[in-house]
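Derivation of every value follows stated rules applied to the coordinates shown; laboratory data play no part. Because the structure is predicted, anything quoted here is derived from the model rather than measured. Note: ideal-geometry Cβ built from the backbone for every residue, glycine included; neighbour counts use all protein chains shown.
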Amino acid sequence: MSDCHGSAVELAQVRPSGTRKTVAIVGPPNAGKSTLFNLLTGLRQKVANFPGVTVEHRVGSMKLRDGREVDLLDLPGVYSLEPRSEDERITRDALLGKLPGVSRPDAVLLILDSTNLGRHLMLAAPVLSAGIPTLVVLNMADDLEKRGGSVDAEALANQLGAPVALISAAKNEGVDAVRNYLSGQFAVPKPVELPVLQDVPKCRQWSAKVGNQARYQPPAPPVWTRRLDSVFLHPIAGPAIFFFVAVLVFQTIFTVAQPLMDATERGVSTSAAWIGETMPETWWRDLLVEGVWGGVGSVVVFLPQILILFLFIGILEDSGYLARAALIADRTMARIGLQGKSFIPLLSAYACAVPAIMATRTIENARDRIATILIAPFMTCSARLPVYTLIIAAFIPERPVLGSFLGSRAAAMLGLYVLGFLAALVTARLLKSSILKSDRMPFMLEMPPYRWPTVRSLGLRLYDRAMAFLKRAGTVILAVSIGLWVLAHLPLKDGRPPKIEDSLAGTFGRTVEPLIEPLGFNWKIGIGLLTSLAAREVIIGTLGTIYGIEGAGEEGSPEQSVGLQQALQRDLTPGAAVALLIFFAFAMQCLSTLAVVRRETGGWKWPAAQFAYMTVLAYFGALVVNQAAIRGLF
Amino acid sequence: MQLSVDKRRWVTLADLLEGQQGVLDCLELPEDLARRLMELGFVPGHVVAAAKSAPGGDPRVFRVDGSEVALRRETARCLRVRLAE
């Protein structure tokens with residue numbers, strides 16, 4: 001389809017009007033698509049995948065004033081609809097109704113940044129030529145006005161043959177115009193003269209002409225962005241701030257999260273004790289207290305910490321700082337053979353490797369992309385955080401390292417994050433100088449203006465995260481905890497459960513014990529390592545259950561079960577504790593990640609190689625540390 | 001740099017110092033890449049100004065057509081500009 005005439009033919013055949021309408025949100029990156037989407041749908045949204053393709057998108061529903069509902073589809077951010085990257089192909093196919101399983105949208109919300117209208121208007125040409133009813137939404141109107149720019153929305157609507165709304169999604173101003181549009185009858189855009197879409201300079205001329213007719217006055221340059229950049233991109237202050245931010249995040253995770261975690265822990269142990277006292281002494285009371293509360297409860301305690309981490313990542317991303325961090329990191333990335341673009345997925349792998357691996361789609365070079373996918377699980381994801389916290393808190397006494405600014409525990413945590421990063425760098429270097437060698441790909445990255453993150457979008461992120469975490473605690477971890485509790489109580493001897501060492505779980509643990517003994521781990525840790533293959537934090541639930549049962553056996557009453565920290569101190573030497581940390585830093589213990597790697601690389605070859613490599617590295621890393629500790633080398 | 005002597009001389013984006021600007025003349029890159037850069041604002045005829053860079057001067061941020069885009073030196077070297085007055 002090269003111009004508006006081609007689309008007019010396709011137009012007639014696709015207008016199946018169901019009762020519930022679908023509206024697609026399209027726009028260039030950084031135009032505020034997600035902000036508007038969040039505003040319109042609130043909590044009524046979910047992440048979904050188009051069938052057969054890996055591109056993740058959000059779908060949500062919104063209620064109109066008359067009670068009807070509309071489905072909203074948040075498509076990937078694109079600059080054009082020329083199908084060169086996967087994002088562009090998906091967006092194009094979705095608009096043309098060519099995506100299998102997804103019906104053609106009834107209308108489009110085209111979100112453009114009004115402070116950068118000259119360039120963003122270029123996307124209007126291909127979208128309008130698709131012939132779908134379109135509302136052109138000019139976002140960031142407040143910013144445009146503040147910086148002395150202006151645009152005549154009505155004149156622009158005449159030029160484009162489609163209605164135009166001037167809004168500020170972040171400030172929730174003018175959004176009623178969008179809601180009204182969605183409630184009304186959708187009308188196909190009036191035919192207007194559009195440029196040849198393949199010719200970018202022609203498209204740009206067209207958008208300049210349209211802008212002129214709409215009396216578009218571009219705003220003054222963003223003063224604050226320039227001021228901030230002169231600090232954040234300062235040759236010395238820039239990297240120093242980068243480091244400072246990282247340290248601040250880790251210190252906050254320990255100091256601010258601690259009271260919250262203590263409170264959650266008190267809640268969990270008080271309720272466990274209450275159940276233990278009020279319920280009759282039966283096997284299912286023990287299952288509830290030791291299995292469910294001991295297993296799930298000990299994981300849920302870490303929720304505040306994970307939310308604080310995600311709050312930081314959200315602020316860094318939404319404010320625009322992440323793009324600057326990618327710029328600063330590009331040289332380092334180039335040295336290991338990757339590009340700055342790989343840096344953003346790798347940073348988000350600090351939250352979770354699964355979305356990070358999906359985010360590698362923006363890397364055009366296939367070999368760079370696979371290399372990034374393979375190293376992403378080395379980045380310290382939030383599932384490692386509870387494991388690290390528990391072991392560090394049990395074995396490292398808190399004392400100041402850098403005055404009151406950095407404590408020894410935060411420093412140890414920071415060290416583990418650096419260790420994961422180094423493992424990723426070395427692995428990338430190996431891959432890029434051998435099997436995944438390729439020409440260097442050009443690096444181009446748009447620097448968005450700095451913006452205040454909105455409470456709404458940060459809140460939604462945290463809500464999403466909390467739900468995902470609790471869901472995992474309620475499903476995988478619950479199932480593993482219950483299953484383990486049962487295995488720890490069988491086979492029955494004279495109608496009574498055996499000592500845990502003689503149970504099925506214990507036998508299993510003692511079978512693998514010779515293999516992990518050189519690392520300093522006993523059979524209980526062995527069971528934990530096995531269950532944590534499903535997901536890293538499962539080890540905490542597992543140990544919680546095992547020690548819960550053990551404690552109950554020793555003391556007679558479940559509420560006196562020993563705390564996890566004390567139990568670990570009893571079971572691990574300091575050297576073995578460090579070995580356990582190293583093991584978790586390197587090992588690939590996450591079924592979700594393996595599944596997503598298989599999907600993204602199209603086979604079992606890469607995930608299998610990745611799993612083998614990481615397991616070997618973890619085993620020998622832990623072995624070296626523990627043996628060195630035994631020989632008194634540190 | 002002796003570039004200021006002859007204002008009409010052709011240089012590349014990589015030669016611009018922070019704060020200097022020029023008019024983009026052509027992109028000596030494969031078509032696919034050139035298109036991508038043009039979509040980001042690097043359309044011939046537009047004024048491009050060199051801005052801040054990562055420590056060490058590479059990659060550098062360029063201001064063009066209302067946006068700021070970071071490019072590595074190796075890419076900037078392929079974009080020819082005429083120095084503006």
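Peptides A:405-414, A:230-239, ordered by how many other C-beta atoms sit within 10 Å of their residues on average, highest first, read A:405-414, A:230-239. Among A:97-107, B:73-83, A:524-534, the peptide with the highest mean count of other Cβ atoms within 10 Å heads the list, and the full ranking is A:524-534, B:73-83, A:97-107. Note on A:321-333: average number of Cβ atoms from other chains within 10 Å of each residue's Cβ is 3. Treating the angle as unsigned and between 0 and 90°, give the value, to the nearest 10°, between the Cα long axis of helix A:86-96 and the longest Cα principal axis of chain A. Taking Cα atoms only, the helix is inclined about 50 degrees. One chain, two ends: residue A:246 and residue A:176. Fully extended at 0.36 nm per residue, the span grows by 21.2 nm beyond their Cα-Cα distance. Net charge in the neighbourhood of residue A:314 (other residues with Cβ under 15 Å of its Cβ; Lys, Arg +1, Asp, Glu -1) is +1. The stretch between residue A:152 and residue A:605 holds 157.5 nm of extra length on full extension. This uses 0.36 nm per residue minus the Cα-Cα distance. Look at the dipole of region A:4-220 built from charges on Cβ: of A:27, A:139, A:178, the Cα furthest out on the positive end belongs to A:178.
Note on A:115-121: average number of Cβ atoms from other chains within 10 Å of each residue's Cβ is 3. Among the lysines, select those whose C-alpha is under 22 Å from the C-alpha of residue A:437, and discard any that sit fewer than 8 residues away in the same chain. Straight-line reach from residue A:437, under 22 Å: A:341, A:605.
Rounded to the nearest 20, the size of the Cβ-charge dipole of region B:2-83 about its Cα centre is 220 debye, with Lys and Arg at +1 and Asp and Glu at -1. The Cα atoms of the protein assembly as shown cover 89, 67, 46 Å along the three principal axes, with the biggest extent listed first. FRET efficiency for the residue A:631 to residue A:260 pair, using the beta carbon distance and R₀ = 41 Å, is estimated at 0.50.
Computed from Cα atoms, the angle from the helix A:455-472 axis to the main principal axis of chain A rounds to 40 degrees. Counting, for every residue in A:238-244, the Cβ atoms of other protein chains within 10 Å of its Cβ and taking the mean gives 1. Straight-line cross-link partners of residue A:209 among the lysines, defined as a Cα under 22 Å from its Cα and at least 8 positions apart when in the same chain: A:190. Placing +1 on the Cβ of every Lys and Arg and -1 on the Cβ of every Asp and Glu, with no other charges, gives the protein assembly as shown a dipole of roughly 1260 debye about its Cα centre. Region A:270-287 and region A:128-178 have Cα centres lying 60 Å from one another. Out of region A:238-347, which trypsin sites (Lys or Arg not before Pro) are coil in DSSP terms and have no more than 16 other C-beta atoms within 10 Å? Listed in order of number, the matching sites amount to none.
A dipole drawn for region A:4-220 from +1 and -1 charges on Cβ atoms has a positive end, and of A:197, A:39, A:59 the residue lying farthest that way is A:59. Here's the picture: a label point sits 7 Å out from the Cα of residue A:566 along the beta-carbon direction, and within region A:298-333 the residues with their amide nitrogen under 20 Å of it are A:298-299, A:301. Helix-only arithmetic for the protein assembly as shown: the sum of -39500 (n - 2.57) across DSSP H runs with n ≥ 4, divided by the residue total, places the mean residue ellipticity at 222 nm at -16000 deg cm²/dmol. Dipole size of region A:4-220 about its Cα centre, with +1 on Lys/Arg Cβ and -1 on Asp/Glu Cβ: approximately 220 debye, rounded to the nearest 20. Dimensions of region A:448-520 based on its C-alpha atoms, expressed as ranges along the principal axes with the largest first, amount to 68, 34, 12 Å. Axis angle, to the nearest 10 degrees, between helix A:478-489 and the longest C-alpha principal axis of chain A: 10 degrees.
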